[in-house]
Ligand code: PMV
């Protein structure tokens, strides 16, 4: 029997523009999905991601039967990388249980294939960050310094479709290419500056960039009143910066905070109807528990 866990993620900056080749920064967060795998009687698998992971491994070794239990801290379908975390933790646990000898890089690659097969399209961001942990500059997957400050997430509880929002942004770009392309480029520029600021541990300026990024995400049409209310509440309560994380249109926002401001920011998010989650960056990617 083997138990493995893998983390969720947030975007510090760069979502949507990253689809058009611009850089972005994503961070693994200290919310994890744990998967216990046991050789034996087959369990009923309801998650398509877990089924996809089992299928991938069964192409490498013969799997007679496998029993899988899942426990997760990560809200499902809200842009925090829950599907990548369950996929990666399952692959890694099967890898250890059946002594396959896959490297983490191979697990990340297989995880990306599973996400692509289940969703139709997926960037490698979530599966890579969940496997390796830490703060990652994309698309080069360069590891940056960790963030020595708090993260407060606000969940609207509204599930949104990444595929639909990416399509919506593509249509906006097709209608107004001369206006939308420079917005993507500015977001990319902001991520490049973010890389430098993460290295300098300049959280005040990173927060300011997050606020600018939020304005640009709004201009792409991926905001909604519930996210905006939580973002303004977080800033007013002292957050260094606050923005949507992920596709938008619902899902979650993220605030960067000094550790001693986190309770206040979390209460402010709750006071406008969000579900607040206090967390921080984790350097620990997928691991054997
Ligand atoms: O909401 P999420 O975590 O699936 O993030 C979507 C991020 C996008 O940039 C909008 C799409 C992508 O594949 O990078």
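The values are calculated or read from the model by the stated rules, or taken from the named source; none is laboratory data. Keep in mind that this is a model prediction, so the values were computed, not measured. A quick note on method: Cβ atoms are made from the backbone with ideal geometry, for glycine too, and the neighbour counts reach across all protein chains shown.
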>> Looking at residue 277 and the list (1) away from the ligand (no atom under 16 Å from the Cβ); (2) within 19 Å of the chain's Cα centre (by Cα), which single condition is not satisfied?
In response: (1)
> Within region 241-266, can you find the residues that are away from the ligand (no atom under 11 Å from the Cβ) and surrounded by fewer than 24 Cβ atoms within 10 Å (Cβ to Cβ)?
Replying inline: 258, 259, 260, 261, 262, 263, 264, 266
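Can you tell me which residue in region 193-211 is nearest to the ligand (Cβ to nearest atom), limited to those that are without any contact (Cβ under 8 Å) to a residue 40 or more places away in the chain and more than 21 Å from residue 261 (Cβ to Cβ)?
Initial filter on region 193-211 (without any contact (Cβ under 8 Å) to a residue 40 or more places away in the chain): 193, 196-197, 200, 202, 204-205, 208, 211.
Remaining after also requiring more than 21 Å from residue 261 (Cβ to Cβ): 193, 196.
Details: 193: 19, 196: 22 Å.
Here the answer is 193.
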> For region 212-239, which residues satisfy the criterion of being under 21 Å from residue 263 (Cβ atoms) and surrounded by fewer than 23 Cβ atoms within 10 Å (Cβ to Cβ)?
Replying inline: 229, 232, 235, 236, 237, 238
> Which of (1) within 14 Å of the ligand (Cβ to nearest atom); (2) modelled with pLDDT of 95 or more; (3) within 24 Å of residue 157 (Cα to Cα) does residue 236 not meet, given it meets every other one?
Replying inline: (1)
>> Which pairs turn up if I take residues in region 6-24 that are under 13 Å from residue 209 (Cβ atoms) and look for partners that are part of a helix (DSSP H, G or I) and near the ligand (Cβ under 7 Å from one of its atoms) with beta carbon separation below 7 Å, at least 6 apart in sequence or on another chain?
In response: 24/18
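Yes or no, residue by residue, for (1) at pLDDT below 95; (2) crowded, with 24+ Cβ neighbours inside 10 Å; (3) within 30 Å of residue 253 (Cα to Cα):
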residue	(1), (2), (3)
7	no, yes, yes
11	no, yes, yes
20	yes, no, yes
27	no, yes, yes
35	no, yes, yes
38	yes, no, no
67	yes, no, no
> Do you know which residues across region 185-204 are over 17 Å from residue 16 (Cα atoms) and assigned to a helix (DSSP H, G or I)?
Replying inline: 193, 195, 196, 197, 198, 199, 203, 204
> With respect to the numbered conditions (1) out of contact with any helix residue (DSSP H, G or I) (no Cβ under 7 Å at 6 or more places or on another chain); (2) within 24 Å of residue 197 (Cβ to Cβ); (3) away from the ligand (no atom under 16 Å from the Cβ), which one is the sole condition not fulfilled by residue 270?
Replying inline: (2)
> So residue 209 fits all but one of (1) part of a loop (DSSP other than H, G, I, E, B); (2) under 27 Å from residue 178 (Cα atoms); what number is the exception?
Replying inline: (1)
